[in-house]
Amino acid sequence: MKPIVLLTDFGLEDMYVGQLKGVISHYNPQIKVIDLTHHIQPFNILQGAYFLWSSYNYFPEDSIFVCVVDPGVGTKRRILIAKNKTRLFLAPDNGLLTMLAHEHLLDKVYTVSHEDFLASSTFHGRDIFAPLAARLSLGKEAHDLGKEINPDSIYMLPNIQPEYKEQKITTTVLHIDHFGNIVLNLPITSWETTLEQHSRLFFNELQLHLVSTYGHIPTNELGLIPGSQKMYELALNQASAQKRLNLSIGQKISLTLQK
């Protein structure tokens, strides 16, 4: 039986997550539901896209991801079922699938008609995404529930790829974790060689220490480390880089490289 994985910005204070799970259980009482997180910043599609991209491969190969960060709920934005060889992804067509699509991880994409559901205009997570996920978990195929579209037609978040020009990397903050580490859109596999070819790195006037882990960062100094989520992070040793730098998710910053 295919497990369902939930990724939302609902938080846990309200009834929204409970109702979402209740609808899934109504259709499929035996299903295993896993919470990836419900603490995406409200409406922060970029952070949601990063969480999905960095996490999907750690779940069983037949998982169904229900991704609801949906500031356009009730508008004409499309509802998508995307699939690759092993997993399914349900999401609004608002950029949540950007990082997966950029790496060509989506083989087929389908749109689902709103008219097939008796839905509130403000809670498609409960009224459309939850029933869809449950039906898929019971063996329905994506092509039975939606109309196939060109994967290249889905909405992609603009300008989130890093740029390298004149010894400067322009990069975007994807996430700031509980410890204050600042995750950048610099994939380790793509940038490791470039960074290691330079002996000095700077953010504004602050020199960065390119090291392998938090404990190797000198006390009270800023490090750039290859994080566990496949991206480089700005970090301090046992302190919050966010409190030092006061950055925000989606903000673009420049790193200067010197040999």
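The values are calculated or read from the model by the stated rules, or taken from the named source; none is laboratory data. None of these values were measured; they are calculated from a predicted model. FYI the Cβ positions are ideal-geometry reconstructions off the backbone, even for glycines, and counts take in every protein chain you see.
Do we find that Tyr164 is assigned to a loop (DSSP other than H, G, I, E, B) and either surrounded by fewer than 12 Cβ atoms within 10 Å (Cβ to Cβ) or at negative phi (or both) in this structure? Can you show your working first?
On the way: assigned to a loop (DSSP other than H, G, I, E, B): no; either surrounded by fewer than 12 Cβ atoms within 10 Å (Cβ to Cβ) or at negative phi (or both): yes.
Against the criterion (assigned to a loop (DSSP other than H, G, I, E, B) and either surrounded by fewer than 12 Cβ atoms within 10 Å (Cβ to Cβ) or at negative phi (or both)), Tyr164 does not qualify.
For Val23, state whether it is touching a residue at least 24 places away in the same chain (Cβ under 8 Å), closer than 17 Å to Ala133 by Cβ and either more than 14 Å from the chain's Cα centre (by Cα) or not in a helix (DSSP H, G or I) (or both).
yes
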Let me spell it out: the conditions are (1) surrounded by 12 or more Cβ atoms within 10 Å (Cβ to Cβ); (2) at negative phi; (3) touching a residue at least 40 places away in the same chain (Cβ under 8 Å), and His216 meets all of them except one. Which number is the exception?
(3)
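Collect the residues in the stretch 209-230 that are under 22 Å from Phe51 (Cβ atoms) and not in a helix (DSSP H, G or I), keeping them in residue-number order.
Of the residues in the stretch 209-230, the ones under 22 Å from Phe51 (Cβ atoms) are 214, 224-230.
If the condition is that a residue be under 22 Å from Phe51 (Cβ atoms) and not in a helix (DSSP H, G or I), then Leu224, Ile225, Pro226, Gly227, Ser228, Gln229, Lys230 are the ones that fit.
Rundown of residues vs (1) small (Gly, Ala, Ser); (2) assigned by TED's automatic domain parsing to the domain that holds Glu233; (3) more than 21 Å from Leu7 (Cβ to Cβ), yes/no style:
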site: Glu103; (1), (2), (3): no, no, no
site: Glu115; (1), (2), (3): no, no, yes
site: Asp127; (1), (2), (3): no, no, no
site: Leu136; (1), (2), (3): no, no, no
site: Thr172; (1), (2), (3): no, yes, no
site: His175; (1), (2), (3): no, yes, no
Filter the stretch 56-84 down to the residues that are more than 21 Å from Ile154 (Cα to Cα) and without any contact (Cβ under 8 Å) to a residue 24 or more places away in the chain and list them by number.
Asn57, Tyr58
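Could you run through the stretch 26-35 and say how many residues are surrounded by 15 or more Cβ atoms within 10 Å (Cβ to Cβ) and outside any loop (DSSP other than H, G, I, E, B)? If you could, list the steps in order and put the result at the bottom.
Residues of the stretch 26-35 surrounded by 15 or more Cβ atoms within 10 Å (Cβ to Cβ): 27-28, 31, 33.
Filter once more, keeping what is outside any loop (DSSP other than H, G, I, E, B): 27, 33.
Here the count works out to 2.
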With the requirement that a residue be part of a strand (DSSP E or B) and within 23 Å of the chain's Cα centre (by Cα), what does the stretch 231-245 give you?
Met231, Tyr232, Glu233, Leu234, Ala235
Could you list all residues from the stretch 107-138 that are closer than 15 Å to Tyr16 by Cβ and β-branched (Val, Ile, Thr)?
Thr122, Ile128
For Leu12, are the conditions met, namely being under 20 Å from the mean Cα position of the chain (by Cα), crowded, with 21+ Cβ neighbours inside 10 Å, modelled with pLDDT of 95 or more and not assigned by TED's automatic domain parsing to the domain that holds Ser190?
no
Is it fair to say Lys168 is more than 22 Å from the chain's Cα centre (by Cα) and either outside the structural domain of Leu234 (by TED's automatic domain parsing) or among the acidic types (Asp, Glu) (or both)?
no
Residues located in the stretch 111-141, provided they are over 17 Å from Gly72 (Cα atoms) and either touching a Leu at 6+ places or on another chain (Cβ under 7 Å) or among the small types (Gly, Ala, Ser) (or both)
Ala130, Leu132, Ala133, Ala134, Arg135, Leu136, Ser137, Gly139
Could you say whether any residue in the stretch 36-43 is buried (at least 16 other Cβ atoms within 10 Å of the Cβ), in contact (Cβ under 8 Å) with a residue 40 or more places away in the chain and in contact with a helix residue (DSSP H, G or I) (Cβ under 7 Å, 6 or more places away or on another chain)?
yes
